[in-house]
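Below you will find the structure I want to go over with you.
Derivation of every value follows stated rules applied to the coordinates shown; laboratory data play no part. Every value quoted in this text rests on a predicted model; they were computed, and no experiment measured them. We place every Cβ from the backbone using ideal geometry, glycine too, and count neighbours over all the protein chains shown.
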Amino acid sequence: MGKIYMIGSQKGGTAKTTTTFNLAYCLRKMGKRVLAVDFDSQANLTTCFGVEDTGVLEDTIGHLMMAQIEDEKMPFPKRYIRTKDGVDFIPSSIYLSVVDAKLRLEMGAERMLSGILDPLRERYDYILIDCLCG
Ligand SMILES: Nc1ncnc2c1ncn2[C@@H]1O[C@H](COP(=O)(O)OP(=O)(O)O)[C@@H](O)[C@H]1O
Ligand SMILES: [Mg+2]
């Protein structure tokens, strides 16, 4: 079962994304199976992984969260998990900010992300979440 770590702080510009990215690559270099999750609508981690136009993405963490909220069927992991240099990641986009507003009105909002990540835990040694807030 993979360990899940959240890299979070309410303050911006405190190296959350840099830490997540470097930690992911270091753990991979140690032979670990790593999933990095971009949970920031600014999508800087996604850009770090080489995705240039995040606005056009249709399989982001925001879309997965929306599927959870709407109780829709989840897509297959190979649709939303990307790989760069052996590190798997789930991208983000500005769409996550739409979800964020909706999530505040939802019951059980705190379980939405675990509903996405729990089924993936057995595939990884580490799941790292780059958050906007802590
Ligand atoms: N150890 C470091 N030394 C110098 N600059 C750093 C260091 N870590 C991160 N930075 C720079 O600080 C800025 C903010 O980092 P970032 O990881 O995007 O922060 P956050 O995700 O918390 O908003 C970036 O320009 C990044 O390159
Ligand atoms: Mg960041």
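Can you give me the long-range amide H partners of residue 4? Hydrogens built in the peptide plane at 1.01 Å from N, cutoff under 5 Å, separation of 5 or more residues or another chain.
127
Still on this structure: Taking every DSSP beta bridge that has both residues in the chain, what percent is antiparallel when rounded to the nearest 5?
20 percent
Then there's this: Counting Lys +1, Arg +1, Asp -1, Glu -1, what net charge surrounds residue 35 among other residues with beta carbon under 14 Å of its beta carbon?
Charge balance in the 14 Å sphere: +2.
Also, I was wondering about something else. Below 9 angstrom from the Cβ of residue 17, what's the summed charge of the other residues (Lys, Arg +1; Asp, Glu -1)?
Local charge sum for residue 17: -2.
If eta is 1.567 mPa s and T is 4 °C, what Stokes-Einstein diffusion coefficient results for the chain, Kirkwood Rh from Cα pairs, in µm²/s?
Translational diffusion coefficient: 88 µm²/s.
Taking R0 as 25 Å, what's the FRET efficiency between residue 52 and residue 9 from their Cβ-Cβ distance, rounded to 0.05?
Plugging the Cβ-Cβ distance into 1/(1 + (r/R0)^6) gives 0.40.
What does the net charge come to around residue 112 if you take all other residues with beta carbon closer than 14 Å to its beta carbon, with K and R at +1 and D and E at -1?
Net of charged neighbours comes to -4.
Across region 96-104, in residue order, what do the Karplus-derived ³J(HN,Hα) couplings come to in whole Hz, using 6.51 cos²θ - 1.76 cosθ + 1.60 with θ = phi - 60° and x for Gly and Pro?
4, 6, 5, 5, 4, 5, 5, 5, 4
Compute the distance in nm between two label points, each set 7 Å from the Cα along the Cα-to-Cβ direction, one at residue 105 and one at residue 70.
1.5 nm
Under the Karplus relation 6.51 cos²θ - 1.76 cosθ + 1.60, θ = phi - 60°, what is the ordered set of whole-Hz ³J(HN,Hα) values for region 111-123, x standing for Gly and Pro?
Along region 111-123, the couplings run 9, 4, 5, 5, x, 7, 7, 3, x, 8, 4, 6, 7 Hz.
Suppose a student asked you for the relative contact order of the chain, using Cα pairs under 8 Å spaced at least 6 residues apart; what percent would you report?
48 percent
Hey, got a sec? Which trypsin sites (Lys or Arg not before Pro) in region 13-59 land in a DSSP loop and have at most 16 other Cβ atoms within 10 Å?
In loop regions of region 13-59 (DSSP not H, G, I, E or B), the sparsely surrounded trypsin sites (Lys or Arg not before Pro) are 32, 33.
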